[in-house]
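The values are calculated or read from the model by the stated rules, or taken from the named source; none is laboratory data. Note that this is a predicted model, so its numbers are computed, not measured. A quick note on method: Cβ atoms are made from the backbone with ideal geometry, for glycine too, and the neighbour counts reach across all protein chains shown.
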Amino acid sequence: MKKLLAILLALAMVLGLTACSGGSGGETTKAPDQTTAAPQPGTTAAPTGEKVGVAMPTKDLQRWNEDGANLKAMLEAAGYEADLQYGANDIPTQVSQLENMIANGCKVLVIASIDGDSLGTVLAQAKEKNIPVIAYDRLIMNSDAVSYYATFDNWLVGTKQGEFIRDALKLDTEAGPFNIEFITGDPGDNNINFFFDGAMSVLQPYLDNGKLVCKSGQTEKAVVATANWATDAAQSRFENILSSNYADGTPLHAVLASNDSTALGVENALASSYTNDVYPVITGQDCDIAIMKNLIDGKQAMSVFKDTRTLASKVVEMVDALMKGKEPPVNDTETYNNGTGFIPSFLCEPVSCTVDNYKELLIDSGYYTEDQLK
């Protein structure tokens, strides 16, 4: 009887140790279950160490490299494993990367899409496995798999650009007319609707009353769009505009450029094809290093600063909340409709950057060093 009792006690100890073999941080020794999603709000807290998929569109633009690096660093600091992938501006590549993230056990997906209308099928796979999707900066359209959206206030970006041109040209007090041209970004990026429409909400009345004149006649969003936000495409288009409309010395007073890569194309075209002494007021967005050098040299009047550290930090908060079964922070539920409904969003505030305040915004805050802008 004593021998039997000893055997039973030993068996109980083995079973007890097996039940407690999860290890530190809640990790288990079993292979991950690929069908297990991040906990939904109201469930028990999730352990750290889980995978988070981060899909960025390209390495071709400085800002996406910064966004990706910030997200990866902050997620890892919060205890998560970040699977960071860049899609090379190729939709099938990004789709394949997302499929791999889903298959490899990512519990949350953070996606800056190449084309907001092209991810429906792969995101249906994420929804089937209850994997939350956070659209990052670019809203993913026509997919009910999108759980949250984190971005800057993109309408405000556009209105700041339009207001800057209005104030720089003194449209409310000067007689004019002033010549203006327009350029925005990739037609597959839903943000151009907010950037361009926000700016035009300020500038359209001056076009209507003749205070502003677009000599090329190119004012429609679809016409002034730039595939992939590419600098060379922007430069080529503006060289044509300049040769067709300004080669006789007619002054160009302003260019509404929705971001810095398109603004750089405009500035390159002006350097090679523009001879008038009047240099245009040019807007931008992102405060890219190359553009900041132009801004300091007077070749660009302003850029809208969107501190990617702020956005990345907010997204990590959202991921952490999802992992721990809590409600992610949002501050807007009625602006961004992706075709399936309004997506709960967090909107960070953009700031106008000029030669007068760039040191405070960019250098004093540690975003850049002074040497980077020389």
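Here F346 meets the list (1) part of a strand (DSSP E or B); (2) surrounded by fewer than 16 Cβ atoms within 10 Å (Cβ to Cβ) almost entirely, failing just condition (2). Evaluating E99 against the criteria (1) surrounded by 14 or more Cβ atoms within 10 Å (Cβ to Cβ); (2) among the acidic types (D, E); (3) modelled with pLDDT under 95 leaves one unmet condition, (3). Residues of the range 135-171 that are of a type in the set (V, I, T) and under 15 Å from P344 (Cα atoms): I140, V146, T151.
Checked against (1) in a helix (DSSP H, G or I); (2) of a type in the set (D, E); (3) assigned by TED's automatic domain parsing to the domain that holds R166, D277 meets all criteria but (1).
Going through G284, G298 one at a time, which residue ends up being at pLDDT 95 or above, touching a strand residue (DSSP E or B) at 6+ places or on another chain (Cβ under 6 Å) and either within 22 Å of Q161 (Cα to Cα) or of a type in the set (D, E, K, R) (or both)?
Values: G298 fails: touching a strand residue (DSSP E or B) at 6+ places or on another chain (Cβ under 6 Å).
G284 is the lone residue from the list that is at pLDDT 95 or above, touching a strand residue (DSSP E or B) at 6+ places or on another chain (Cβ under 6 Å) and either within 22 Å of Q161 (Cα to Cα) or of a type in the set (D, E, K, R) (or both).
The residue that is nearest to the chain's Cα centre (by Cα), among those in the range 67-94 that are more than 15 Å from V108 (Cα to Cα) and surrounded by fewer than 19 Cβ atoms within 10 Å (Cβ to Cβ), is A69. Of all residues in the range 187-202, exactly one satisfies the criterion of being among the acidic types (D, E) and at pLDDT below 95, namely D189.
Is the range 132-142 home to any residue that is under 25 Å from E50 (Cα atoms), in the same structural domain as K326 (by TED's automatic domain parsing) and in a helix (DSSP H, G or I)? Taking every residue of the range 132-142 in turn, none turns out to be under 25 Å from E50 (Cα atoms), in the same structural domain as K326 (by TED's automatic domain parsing) and in a helix (DSSP H, G or I). Residues that are more than 19 Å from the chain's Cα centre (by Cα) and not assigned by TED's automatic domain parsing to the domain that holds A73 do not occur anywhere in the range 320-333.
W64 meets each of the listed conditions (1) touching a Cys at 6+ places or on another chain (Cβ under 8 Å); (2) within 19 Å of Q285 (Cα to Cα) apart from (1).
Within the range 243-291, can you find the residues that are of a type in the set (A, V, I, L, M), free of Cβ contacts under 8 Å to residues at least 40 places away in the same chain and buried (at least 23 other Cβ atoms within 10 Å of the Cβ)? Passing the criteria: L264, I282, I291. Got at least one residue in the range 183-199 being of a type in the set (A, V, I, L, M, F, W, C), more than 23 Å from F305 (Cβ to Cβ) and in contact with a Lys or Arg (Cβ under 7 Å, 6 or more places away or on another chain)? Checking the range 183-199: not a single residue is of a type in the set (A, V, I, L, M, F, W, C), more than 23 Å from F305 (Cβ to Cβ) and in contact with a Lys or Arg (Cβ under 7 Å, 6 or more places away or on another chain).
Quick grid of which residues meet (1) hydroxyl-bearing (S, T, Y); (2) in contact (Cβ under 8 Å) with a residue 40 or more places away in the chain; (3) in contact with a Ser or Thr (Cβ under 8 Å, 6 or more places away or on another chain); (4) under 20 Å from G176 (Cα atoms):
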| residue | (1), (2), (3), (4) |
| --- | --- |
| L212 | no, yes, no, yes |
| K221 | no, no, yes, no |
| A225 | no, yes, yes, no |
| D232 | no, no, no, no |
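Criterion applied to Q204, Q218 was being assigned to a helix (DSSP H, G or I), outside the structural domain of T335 (by TED's automatic domain parsing) and surrounded by fewer than 24 Cβ atoms within 10 Å (Cβ to Cβ), and the one residue passing it is Q204. For the range 161-181, residues that are surrounded by fewer than 24 Cβ atoms within 10 Å (Cβ to Cβ), touching a strand residue (DSSP E or B) at 6+ places or on another chain (Cβ under 9 Å) and not in a helix (DSSP H, G or I) total 6. Every condition in (1) aromatic (F, W, Y); (2) part of a strand (DSSP E or B); (3) touching a helix residue (DSSP H, G or I) at 6+ places or on another chain (Cβ under 6 Å) holds for F195 except the one numbered (2). If you check T159, T121 for being assigned by TED's automatic domain parsing to the domain that holds D286 and β-branched (V, I, T), only one passes: T159. Residues of the range 255-274 that are in a helix (DSSP H, G or I) and either modelled with pLDDT of 95 or more or outside the structural domain of G162 (by TED's automatic domain parsing) (or both): D260, S261, T262, A263, L264, G265, V266, E267, N268, A269, L270, A271.
In the range 304-311, the count of residues that are among the hydroxyl-bearing types (S, T, Y) and not in a loop (DSSP other than H, G, I, E, B) is one or more. If you filter the range 309-343 down to residues that are under 21 Å from V146 (Cβ atoms) and β-branched (V, I, T), you find that the one that is surrounded by the most Cβ atoms within 10 Å (Cβ to Cβ) is V319.
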